[in-house]
Structures are given as C-alpha cells and as structure tokens.
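**Q** Would you mind keeping the following structure in view while I ask a few things?
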Amino acid sequence: MDLNLDLVDELRAALPHEGVLTDPDLLRSYEHDEADLVPFGTPAVVVRPKTTGQVAAVLRAASRYKVPVIPQGARSGLAGGANAIDGAIVLSLIGMNEIIDIDPLNRIAVVQPGVVNAQLRRAVAEQGLYYPPDPGSWELSTIGGNVSTDAGGMCCVKYGVTSDHVIGLEVVLASGEVLHCGRRTAKGVAGYDLTSLFVGSEGTLGVITEITVKLRPAPEPALTLVAVFNTFAAAGAAVSAIATSDLQPSLLEVIDRVALSAIEAYRPMDLPTTSAALLIASVDSGTRAPDDLALISTMCHDAGAADVFVATDAAEADALLTARRLAHPALERFAAQLFPQGGGVMVDDVAVPRTRLVELIEGIERIATEHGIVVATVGHAGDGNLHPIIVIDRSDPVSMAQGQKVFDAIMSLCLSLGGTSTGEHGVGLLKRDWLAREIGPTGLKAHRSIKAALDPDNILNPGKVF
C-alpha cells in the first residue's frame, strides 16, 4: 500500500539512510514471524533504529499520521504477534543490540532489546553469573521479543519465566514519550507495577528500548537423567509425582514418540524412537544433587519407566537438551516429507495445573486419534506446559480443516482442565478468540481500557492479542 511520502521523508530525516527501507523485496522479508497459518500483510516501510531517540521520532511521526506500527525482533515467535499489516511501519529493533551494562556486584544487566538471548547468557557467564530464561529459540530470539511475549524455556520449572527476571524497562509510548519504569534495586514497590504491565504485552502498549534484568550466580553443571516410557501417560504420571514432591529439578522435559522419530531423522543421535515418550530431568549440582537424582529415578521407575539412564558427563547431558531444542525444525521437515505439496505445522502452547497433566496428555492423544491427524507433543512438563504440534497439509483443505479442529479441541480441553491458552508463546493473532474465552467480557474490557489509555489511536500492533 502507498504510504504518505511526507511521512517517509520525515522518517529518513530522523534515521540514517540505511535505517529506512522501502524496496519491495526487502519489505516482504519483514512480513511475518514463524507462526504458520495466520494472516500477514506487507508493510509500506521498515525502519531500523539504533537509539531510543530514533524510536521516539518514529512513533511521534506515526502518531501524527495515524499509521500503524508493528514492533519486531528476530521474528522467531510462534503466534503471529510480529506479523505485519498492509501499509504499516515495521519497527525492527534488531539493530539495538548492545549489552549496556553488566553489574556483577548488584547482579543485574542492562540491555537493548535486540540482544540475542544466548549472547546475554554467555556474556554474564564470563563473570560467573547466570541469566536463566532459555526459550527453545535462545540462539536466535532477542531479549526484547522474550520480554514482549514473557517467554519461558526449559529452566522455568526452577527459575521461572522472563517476567521473573525483568526488574526495569525503558519504553517509548505511542505518543513518542519515553517512560522509565521499574528499578535497579533488589526491592522496590513505588507506584503501580508498570514493568509487569509491559512484559507480555506483545508490542501493543509501547516499544521496549531498554531492559534491566536480574542475574543469579552461575550454577555448577547439572546432573541429568533420561527415562524411557512405553506410554506417554506414564511419563506424565512420573512428572506429576516429581512436581508434587519436595524436589526441585532445574529441568523436566518430555518428548513423545512422533517427535523423537522426527528429531532422530533430522539429526541422528541414537534416540529410542520405539518408545512412547522420553523424560529428561536435571538437578543443579550440590550436596543433595545425587540423592535428588536418585529419587527422581525411583519415581520414574514407580510410574512405569522401562529404563532410566544417567548422563555420564556434561557433553552427554547437552546432547539430550540439544535433541529437545531441535523438535520444532525437525517436525517442520517431517511435515514437508509427509506432505511434499504443502506440509506444515500448527504449534500449540497450552498449560494446565501439574496435577492435571496426565489428563491433558491422554486428551491430546485421544483428539489426534479421533480426527486422524498426526500430533507430536513436546514440552516443559514440570510446568504443566505442553506444545502439541499438529502436522497438516496446507495444499489439502480437508487436512487444514481437520488440523484446525484438533487445535480447537486441544484448546477447549486445556481450559476445561483449569489451564491457560498460552504458557509462553503469547496470544498474537493465533489465539485472540481463545484469550477472549479465557478472560471473559470483563477481562477484555479491562484490557481495552488499558490499551486506550496508552495508545488512544490504536497504532501499536493493532489487531494483536484482542
């Protein structure tokens, strides 16, 4: 769509020449994130600021011209939250990638939003510190995107999600005003908790330009085991037993047979592909660690594990975690091989109380069988957070319809079990209807009131979340 040339000239005046893109081929590369089967458009212009002042200038101009602004990071999201709309300004923050400060005494770091998760993890590790949130896309996804969706990861069972580690933000509002909220201190309760409001807001309330996170002392290498199960439900029963005990594993991940087979085909590593499920558990090293791992092993055996293996060293443990991280690309390739004309995946993200995990697992298997659709399930089982991945043929309307029915049935099951429609991927475009069902009319009214107060012209990521 055409964009007002005066606005383009204003953007070019505010940003370096290479920071404003209008070439159609380049614009198409900013159209969408990794979510399959949700709509997207083509932006009229892409801006790539380097400073907070440049972001503010973009938003002041967009506000005057009433042009939508779509904040983007690495576009690794799985809910369509970064998808462009026709005629919009895409505001790419990938170039704001500086680690501004690492303060080992106060155990905090201050970063720009374009810093990649793994980059921050490695930088603080050099000073004996640890930034725990580790989404599966940690080698690609940015801290800004992690904050915007309140991303989780494999360590959440012990250390929590991104919001548990963000203590301060710099945010540019729709008006172009710059808001500082939160703190650098260990404690602080001055005023409303605006920091928590912006975490998980998916770019609908403001553009995050600086993030202050708290750090932890780096743990010793963890002790890891893998348990093999002949039924997926038995793996879920083991998780429930571990999660409701007084143990505190640092990782508790599950991979079902379909995902195991896809991962093994994608990168062979002798995974037990004939097993129904694999459970990976870790405990941080310490005086109790060997005893805790032994107790987890016993719980797995009691739940029906066919075998339990303890990783002999850190390299073997890392290989198991690598296998878990490969689930998404492996299943994309599996779908392409299964349906050469248009294989694709619908990635779900549901969470239930940990005591209802077995019911969720059994329900997912039942739904897949009833509809004749392949569903692979992996997830952060220790949090009750599973990712059913629905394999569909985009070229076949029947397959697409059946896939949508499976997606909706899983969502409905999750809410009926007292769960939530998204544990860590966010709402984006994919789950707007399900968010409305989850929070109800009064919840929607509250959301819209906050949105109207901070973004009265609805220019920030319009159409996302609700």
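The values are calculated or read from the model by the stated rules, or taken from the named source; none is laboratory data. Just so it is clear, the structure is predicted and the values come from calculations on it, not from any experiment. For neighbour counting, all protein chains shown are included, and Cβ atoms are generated from backbone atoms with ideal geometry for every residue, glycine included. These area figures cover heavy atoms from the full protein model, side chains too; ligands, DNA and RNA do not enter into them. Shrake-Rupley method; radii C 1.70, N 1.55, O 1.52, S 1.80 Å.
**Q** Being crowded, with 24+ Cβ neighbours inside 10 Å, farther than 17 Å from Gly419 by Cα and small (Gly, Ala, Ser) is the filter here; which residues of the range 365-409 pass it?
**A** Ala376, Gly403
**Q** Would you point out which residue out of Val178, Val171, Val166 is over 20 Å from Val69 (Cβ atoms), among the aliphatic types (A, V, I, L, M) and at pLDDT 95 or above?
**A** Val166
**Q** Ok, one more. Residues to consider are Arg60, Arg75; find the one that is part of a helix (DSSP H, G or I) and among the charged types (D, E, K, R).
**A** That would be Arg60, the only listed residue that is part of a helix (DSSP H, G or I) and among the charged types (D, E, K, R).
**Q** With more than 24 Å from Leu247 (Cβ to Cβ) and surrounded by fewer than 23 Cβ atoms within 10 Å (Cβ to Cβ) as the only criterion, which of Ile167, Ile143 stands out?
**A** Just a single option satisfies the conditions, and that option is Ile167.
**Q** Write out, first by first residue and then by second, each pair whose Cβ atoms fall under 7 Å of each other, whose residues are 6+ apart or on separate chains, and whose first residue, in the range 83-107, is assigned to a loop (DSSP other than H, G, I, E, B) while the second is modelled with pLDDT under 95 and open to solvent by less than 70 Å² (accessible area, probe 1.4 Å).
**A** Hits for this filter: Asn83/Val38; Gly87/Leu3.
**Q** Consider Ile459 carefully, then state whether it is crowded, with 24+ Cβ neighbours inside 10 Å, touching a strand residue (DSSP E or B) at 6+ places or on another chain (Cβ under 8 Å), of a type in the set (Val, Ile, Thr) and within 23 Å of Phe40 (Cα to Cα).
**A** It is false that Ile459 is crowded, with 24+ Cβ neighbours inside 10 Å, touching a strand residue (DSSP E or B) at 6+ places or on another chain (Cβ under 8 Å), of a type in the set (Val, Ile, Thr) and within 23 Å of Phe40 (Cα to Cα).
**Q** All but one of (1) open to solvent by 30 Å² or more (accessible area, probe 1.4 Å); (2) touching a residue at least 24 places away in the same chain (Cβ under 8 Å); (3) in contact with an Asp or Glu (Cβ under 7 Å, 6 or more places away or on another chain) hold for Thr273; which doesn't?
**A** (2)
**Q** Looking only at residues in the range 285-311 that are acidic (Asp, Glu) and in contact (Cβ under 8 Å) with a residue 12 or more places away in the chain, which one is nearest to Val254 (Cα to Cα)?
**A** Filtering the range 285-311 for residues that are acidic (Asp, Glu) and in contact (Cβ under 8 Å) with a residue 12 or more places away in the chain, the one nearest to Val254 (Cα to Cα) comes out as Asp307.
**Q** Now for a different question. Any idea which residue in the range 416-456 is most open to solvent (accessible area, probe 1.4 Å), counting only those that are touching a Lys or Arg at 6+ places or on another chain (Cβ under 9 Å) and of a type in the set (S, T, N, Q)?
**A** For the range 416-456, the residue satisfying everything is Thr422.
**Q** Within the range 237-274, which residues are of a type in the set (D, E, K, R) and either in contact with a Cys (Cβ under 7 Å, 6 or more places away or on another chain) or at pLDDT below 95 (or both)?
**A** Asp246, Asp270
**Q** Can you pull out the strands (runs of 3 or more DSSP E) entirely within the range 176-258 that have at least 2 residues that are under 22 Å from the mean Cα position of the chain (by Cα) and crowded, with 22+ Cβ neighbours inside 10 Å?
**A** Because the criterion is at least 2 residues that are under 22 Å from the mean Cα position of the chain (by Cα) and crowded, with 22+ Cβ neighbours inside 10 Å, the strands (runs of 3 or more DSSP E) in the range 176-258 that meet it are 207-214, 251-256.
**Q** Considering only the range 327-348, state which residues are closer than 28 Å to Leu415 by Cβ and part of a helix (DSSP H, G or I).
**A** Ala327, His328, Leu331, Glu332, Ala335, listed by residue number.
**Q** Give the range 72-119 a look and list any residue that's open to solvent by less than 10 Å² (accessible area, probe 1.4 Å) and under 17 Å from the mean Cα position of the chain (by Cα), or say none.
**A** Gln72, Ala79, Gly80, Asn83, Pro113, Gly114, Val115, Asn117, Ala118
**Q** Sticking with this structure for a sec: Here is a check on your reading of the model: is Lys451 among the charged types (D, E, K, R) and free of Cβ contacts under 8 Å to residues at least 24 places away in the same chain?
**A** Taking the combined requirement at face value, the residue does not satisfy it.
**Q** Then there's this: Name the residues in the range 255-270 that are in contact with a Phe, Trp or Tyr (Cβ under 8 Å, 6 or more places away or on another chain) and either free of Cβ contacts under 8 Å to residues at least 12 places away in the same chain or closer than 26 Å to Pro132 by Cα (or both), would you?
**A** Listed by number, the list holds a single entry, Asp256.
Yes/no per residue for (1) touching a Ser or Thr at 6+ places or on another chain (Cβ under 6 Å); (2) in contact (Cβ under 8 Å) with a residue 40 or more places away in the chain; (3) surrounded by fewer than 15 Cβ atoms within 10 Å (Cβ to Cβ); (4) under 23 Å from Val406 (Cβ atoms):
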| residue | (1), (2), (3), (4) |
| --- | --- |
| Asp313 | no, no, yes, no |
| Glu316 | no, yes, yes, no |
| Arg325 | no, yes, no, no |
| Gln341 | yes, yes, yes, yes |
| Ala351 | yes, yes, no, yes |
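**Q** If I filter the range 19-57 down to residues being under 24 Å from Val171 (Cα atoms) and assigned to a helix (DSSP H, G or I), which single residue comes out as most open to solvent (accessible area, probe 1.4 Å)?
**A** If we take residues in the range 19-57 being under 24 Å from Val171 (Cα atoms) and assigned to a helix (DSSP H, G or I), then Gly53 is most open to solvent (accessible area, probe 1.4 Å).
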